[in-house]
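Asks: I'd like to ask some things about the structure below.
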Amino acid sequence: MIRHPLRTMTVLVGAAAAVTAFATPASAAPVLNETAGPAVLAAAQQKLGDSLGATFAGSWLDTTTGGLVVGTTDASRSAQIRAAGATPKVVRHSATELKKIQSTLDNRTAGLPGSVAGWYVDAPANEVVVSVVGGDAAGRAWATSTGVPVRVDPVKSAPRPLWDVIGGQGLYFSGGACSVGFNAYDDDDHYVITAGHCAELGGTVQGVDGTIGKVAKSSFPGNDYGTVKVTQSDVSTPPRVDRYEDGSDVRIEGADVVGVGGRVCRSGITTHWQCGRVEALDQTVNYGNGDIVKGLTQTSACAEPGDSGGSFVSRPSSGSGTKLVQAQGMTSGGSGDCDEGGTTFFQPVKEVLNRYDLTLEKD
């Protein structure tokens, strides 16, 4: 029997064509995860929330995979969620129901025990959580007496407002007032750097909004730097310096030294923001009574009592936007005043950072 190669080939080609046609995959659904970026995720969450309506039960990122998870009270909406690139989770309470539970708590704050630190919607758990310090009995009783289903979670401490220690603002010792220089840290703690002749007063130190901590170390004379260890949990130490009426705070980005002739500015509680030029480096200064300090930088920026310890920084740019500056040092002393003009010296900040193995807070 004679085969017909052409016919046989035709059949095989046809079969191959058929296989190819069936093997073409359908369009894959987009995958929404944290790599998509905040804007894309926010838009997708808003769209899904609107489309799911009353069945929407919140959305969140899976902390393991980074993928977007969307809660719903209706299992039949799962395919819709998957098609949008998210992972569905069928839960009991809708987002609206959870918000109503939270609102009930919001409206029952009369007689609220101090041990109740707050409450919030835990979307992944599909619950409203009441945080109670140490699991206090009075706090637990308040949470369970509200008549709404909640989960009580113990927390270690109550929240409190944070306040910032900012360069150039007040630093108050038991024996006098000085100014904040810069904020720094080591492996375990945070510190405020100021002048040594301020820190040598010792004891507990106050800032503009309360207690900061206690003097840690001080070096004066010879040097003029000292540190205050931050011991209060409500104190924040951002890399900022106050320009008072001259504008918004400047932010520290490093500690590159400004050389002779360069422009610098200083901040302090008495004369606020004053600028000048560097006139000399590594100067030895005699403050009298045997108080001799070496390694200071001389400037034409004026200062007055109370400005001691305050921030010296490079002069910020004149353009708009965030002003970034280089930390130079802490005001030490000087002569003259800000009416007639004068000379002011600062202790370079790099010396104290190196001496105490500290890292400057910076952007």
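Asks: Where does helix 95-106 land angle-wise versus the long Cα axis of the chain, in degrees 0 to 90, nearest 10?
Replies: 40
Asks: While we're on this one: Remind me, relative contact order of the stretch 207-270 in percent, using alpha carbon pairs under 8 angstrom and six or more residues apart? Please list the in-between numbers first.
Replies: On the way: 53 pairs, mean separation 12.9, N = 64.
The value is 20 percent.
Asks: Go through the stretch 108-124 residue by residue and turn each phi into a ³J(HN,Hα) via Karplus (6.51, -1.76, 1.60, θ = phi - 60°); whole Hz please, and just put x for glycine and proline.
Replies: Running phi through 6.51 cos²θ - 1.76 cosθ + 1.60 with θ = phi - 60° gives 10, 8, 5, x, 5, x, x, 6, 7, 7, x, 8, 7, 8, 9, 4, x Hz.
Asks: At a probe size of 1.4 Å, how large is the accessible area of Glu200, to the nearest 10 Å²?
Replies: Counting only protein heavy atoms, Glu200 exposes about 100 Å² to solvent.
Asks: Mind ordering 221-232, 285-296, 332-343 by average Cβ neighbours within 10 Å, highest first?
Replies: Values: 221-232: 22.0, 285-296: 13.9, 332-343: 15.8.
The peptides rank, most packed first, as 221-232, 332-343, 285-296.
Asks: Spelling out what I want: for every residue of the stretch 213-227, take phi, set θ = phi - 60°, compute 6.51 cos²θ - 1.76 cosθ + 1.60 (Karplus), and round to whole Hz; glycine and proline get x.
Replies: x, 10, 4, 9, 8, 8, 9, 6, x, x, 10, 9, 9, x, 10
Asks: For the chain, what is the calculated [θ] at 222 nm in deg cm²/dmol (nearest 500), taking -39500 (n - 2.57) for each run of four or more DSSP H residues and dividing by its residue count?
Replies: On the way: 7 runs with 72 residues, N = 363.
Estimated from H runs of four or more residues: -6000 deg cm²/dmol.
Asks: Might you work out the accessible area of Leu41 for me, using a 1.4 Å probe with all protein chains in place, and round it to the nearest 10 Å²?
Replies: 20
Asks: Between Ala255 and residues 5 or more places away or on another chain, which pairs have amide H atoms under 5 Å apart, with H built 1.01 Å from N, and which residues are they?
Replies: So Ala255 has HN proximity to Ala327.
Asks: Report the gain in length on full extension from Ala125 to Asp357: 0.36 nm times residue separation, minus Cα-Cα distance, nm rounded to one decimal. Please report the intermediate quantities before stating the final value.
Replies: Numbers: separation 232, 0.36 × 232 = 83.52 nm, distance 4.44 nm.
The span from Ala125 to Asp357 would gain 79.1 nm if fully extended.
Asks: Report the FRET efficiency, 1/(1 + (r/R0)^6), for Lys350 and Arg160, where r is their Cβ-Cβ distance and R0 is 35 Å, rounded to 0.05.
Replies: Numbers: r = 34 Å, r/R0 = 0.98.
Efficiency, rounded to the nearest 0.05: 0.55.
Asks: Sum up the charges of everything whose Cβ sits under 12 Å from the Cβ of Thr331, counting Lys and Arg as +1 and Asp and Glu as -1, but leave Thr331 out. List each step's numbers first, then the result.
Replies: Working: positive: Arg266; negative: Asp224, Glu304, Asp307.
Around Thr331, the surrounding residues sum to -2.
Asks: Given H placed 1.01 Å from N in the peptide plane, which residues other than close sequence neighbours of Val250 have an amide H under 5 Å from its amide H?
Replies: Amide H neighbours of Val250: Val241, Arg243.
Asks: Let me check against my output: what whole-number percent is the relative contact order of the stretch 66-121, with C-alpha pairs under 8 Å and at least 6 apart?
Replies: Relative contact order of the stretch 66-121: 30 percent.
Asks: Rolling a 1.4 angstrom probe over the protein chains, ignoring ligands and nucleic acids, what is the accessible area of His197 in square angstrom, nearest 10?
Replies: In the full protein context, His197 sits at about 50 Å².
Asks: Using only the alpha carbons of the chain, determine the length spanned along each of the three principal axes and report them from longest to shortest in whole angstroms.
Replies: 120, 72, 34
Asks: Which value, in Å², gives the accessible area per residue of the chain when a 1.4 Å probe is used on the protein heavy atoms? Can you show the working numbers first?
Replies: Details: 18730 Å² over 363 residues.
Per residue, the chain has an accessible area of 52 Å².
Asks: Label 7 Å along Cα→Cβ of Thr284; the stretch 199-232 residues with amide nitrogen under 12 Å?
Replies: 222
Asks: Amide H to amide H under 5 Å from Asp337: which residues, 5+ apart in sequence or cross-chain, H placed 1.01 Å off N in plane?
Replies: Counting only residues 5 or more places away or on other chains, the set is Gly342.
Asks: Considering only protein heavy atoms and a probe of 1.4 Å, how much of the accessible area of the chain is carbon and sulfur, as a whole percent?
Replies: Details: 9630 of 18730 Å².
For the chain, the apolar C and S fraction of the accessible surface comes to 51 percent.
Asks: Over the stretch 175-322, what relative contact order in percent results from Cα pairs under 8 Å that are six or more residues apart?
Replies: Values: 340 pairs, mean separation 35.5, N = 148.
In percent, rounded to a whole number, it is 24.
The values are calculated or read from the model by the stated rules, or taken from the named source; none is laboratory data. Nothing here was measured: the structure is a model prediction, and the numbers come from that model. Using ideal geometry, Cβ is built from the backbone for each residue, glycine included, and neighbour counts are taken over all protein chains shown. Protein only, heavy atoms only, side chains kept; ligands, DNA and RNA dropped before computing areas. Shrake-Rupley method; radii C 1.70, N 1.55, O 1.52, S 1.80 Å.
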